[in-house]
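The values are calculated or read from the model by the stated rules, or taken from the named source; none is laboratory data. The shown structure was predicted, so the numbers you read here are calculated from the model rather than taken from an experiment. Quick note on the areas: whole protein, heavy atoms, side chains included, nothing else; ligands and nucleic acids left out. Shrake-Rupley method; radii C 1.70, N 1.55, O 1.52, S 1.80 Å.
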Amino acid sequence: MKRRNIYKDIVWLAVICAVVFSAVRWSGAYAMEQKAYGVQIQAQKDLTGEMVSELRKLPGICRFLPADTAAVTIQIGTYVMETEVMGVDLTEYPLQWEALAGASDKPKASGKWRVSMGNTPLLFFGKETFSSFVDSNGRAPLKSQVEKWKKEYQKLEVTVTDENGTKRTAKICGILLRPDNQICMEKRQMQEVFGGCFRTAGGFLEIYGYKNMEKARGLLEDAGFAVLDF
């Protein structure tokens, strides 16, 4: 009986494994190049028409959705938080929801839904933002308090103070899964409510292909933009 060459078998097995590994790696790399990647960008100054035109020249760009921001102080009970509210087009901005009050239909990942807009500012809290409040001693709320706020968000009494010192009563209208660390408003309502107390310095940028995204990230950071994964 002819003796089997075990070393030859090992070599062939190694070759087969290498081919399979290469195929899997190539498949993964190919899949990464067939996806669109979204990031939020923020400049240190207001965007100009020229800057937006340059953004639209980035390789692989799918879309750029500008967002407004307003510096505010938000108060819930005895807890306060200094932050920025982001004004976005709710029909376009890719928001994702954990909970939403007043929607005509079940909210989609695209954020395409309708809600009644009145004179009361309607806020959409990222699920992690509740933990950023502090009391008069600088202490964050307990986890149980945060969970209670999330559960009863529609009933909370919220006060928003803009950078001019004007106070307004607001209502929390939804909880966001993404972005989870920001507070949003409908763009037109924010512009009406805060008047000249807002700026347009960034927004959502979507790039097709992983390599294009990484190249765009480097170019944006070199140009002074903060780039955050969305």
Item to complete: For the pairs 143/171; 45/211; 35/57; 35/143, note any where the Cα-Cα span goes beyond 29 Å.
Response: 35/143
Worksheet entry | Per-residue SASA entry for residue 62, accessible area with 1.4 Å probe, Å² rounded to 10 | 70
Item to complete: Mind checking the per residue accessible area of region 135-230 for me, 1.4 Å probe, whole number of Å²?
Response: 56
Worksheet, complete the sentence: Rounded to whole Å², per residue accessible area for region 29-89 with a 1.4 Å probe reads 52
Item to complete: In whole Hz, with x marking every Gly and Pro, tabulate ³J(HN,Hα) for region 159-173 from phi via Karplus 6.51 cos²θ - 1.76 cosθ + 1.60, θ = phi - 60°.
Response: 10, 10, 10, 7, 5, 8, x, 6, 9, 9, 7, 10, 10, 7, 10
Practice prompt. Please work out the C-alpha center-to-center distance from region 203-230 to region 55-72 and express it in whole Å.
Written response: 10
Worksheet item: At a 1.4 Å probe radius, carbon and sulfur cover how many percent of the accessible area of region 111-230?
Response: 44
Discussion item. Need the full-extension length gain, residue 222 to residue 73, defined as separation in residues times 0.36 nm minus the C-alpha distance. One decimal, nm.
Written reply: 50.5 nm
Fill in: For region 91-96, 3J(HN,Hα) per residue [Karplus equation, 6.51 cos²θ - 1.76 cosθ + 1.60, θ = phi - 60°, Hz, x = Gly/Pro]
7, 10, 5, x, 7, 10
Response to the item:
By the Cα gyration tensor axes a ≥ b ≥ c (a/c under 1.5 gives rounded; else a/b larger than b/c gives prolate, otherwise oblate), the shape of region 143-230 is oblate
Worksheet entry | Under Karplus coefficients 6.51, -1.76 and 1.60, residue-wise ³J(HN,Hα) of region 216-230 in Hz, glycine/proline x | 4, 4, x, 5, 5, 5, 5, 7, x, 7, 7, 10, 10, 4, 9
